[in-house]
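A quick write-up on the structure given underneath.
The values are calculated or read from the model by the stated rules, or taken from the named source; none is laboratory data. As the structure is a prediction and not an experimental result, all values here were calculated from the model. For neighbour counting, all protein chains shown are included, and Cβ atoms are generated from backbone atoms with ideal geometry for every residue, glycine included. We work out accessible area using only protein heavy atoms, side chains counted, and drop any ligands, DNA or RNA first. Shrake-Rupley method; radii C 1.70, N 1.55, O 1.52, S 1.80 Å.
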Amino acid sequence: MTALPDFNDVLAAARRIAPMVHHTPVLTSRLLNAQTGAELFFKAETFQRVGAFKFRGAANAIARLDDAQKRRGVVAFSSGNHAQAIALAAARADVPAVIVMPADSPAIKRAATQAYGAEIVLYDRFTENREVIGQALSTERGLALIPPFEHPDIIAGQGTAALELFHACGPLDMLVAPVGGGG
């Protein structure tokens, strides 16, 4: 991976993707505040396009491609949210997208990814490696590989969720982010 993005990269991503993303609400809970003795804020990224913060990173990564790469297209690997995010961001930018998904990924995730216009390449997660398949497709077809993590444009775009939170709430004593999947 190239260098990690810095705060200026997140600011630039926020400007770049502003027309594409939903400004999601920040929610609070009196009950949880009382139970914890703290003031808690929840960034409701379930209201983001594709139902996840992943669209922010995908939109930024697609927007950062040069025109020649946009014409050739992109490839990504994911069993769900990143797949849908890349598919939608690519469709909105008129960029061909190929998504490598496990054959046993949830049918609703595959259907949504396909509905956004992406070509899906299925693989067996027990006997095949999605990164190897993605890299091979990238090489064979000249596609830009956009992994779900460890990509500076993905990280900067996804960082815009926290930026919105800081703008809404001001300084925080602590930021807690759930971690799941590979991203």
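The dipole here belongs to the chain: it is taken about the Cα centre, uses +1 on the Cβ of Lys and Arg and -1 on the Cβ of Asp and Glu, and is about 440 debye.
At 1.4 Å probe radius, can you tell me the per residue accessible area of the chain in Å²? Walk me through the numbers on the way to the answer.
Details: 9990 Å² over 183 residues.
That works out to 55 Å² for each residue.
Using C-alpha pairs below 8 Å separated by at least 6 residues, the relative contact order for the range 11-96 is 27 percent. Expressed as a whole percent, the accessible area of the chain that falls on carbon and sulfur atoms is 56 (1.4 Å probe). Couplings 3J(HN,Hα) for the range 26-42, derived from phi with the Karplus relation 6.51 cos²θ - 1.76 cosθ + 1.60 (θ = phi - 60°), are 10, 9, 10, 9, 4, 4, 5, 4, 5, 5, 9, x, 9, 9, 9, 10, 10 Hz, where x marks Gly and Pro. Ranking M20, M174, M101 from most to least accessible surface, computed with a 1.4 Å probe over the protein chains only, gives M174, M20, M101. Relative to the current alpha-carbon distance between S29 and A91, full extension at 0.36 nm per residue lengthens the span by 18.7 nm. Picking from A85, Q158, C169, whose Cα lies most toward the positive end of the charge dipole for the range 7-169 (charges on Cβ: Lys, Arg +1; Asp, Glu -1)? Sorting the options by dipole projection puts first C169. Highest mean packing first, where packing is the average number of other Cβ atoms within 10 Å per residue, the peptides 45-53, 79-87, 137-145 line up as 79-87, 45-53, 137-145.
For K43, a cut-off of 28 angstrom between C-alpha atoms picks up these lysines, skipping any fewer than 8 places away in its own chain: K54, K109. Each part reduced to its alpha carbon centroid, the range 1-31 and the range 134-148 end up 26 Å apart.
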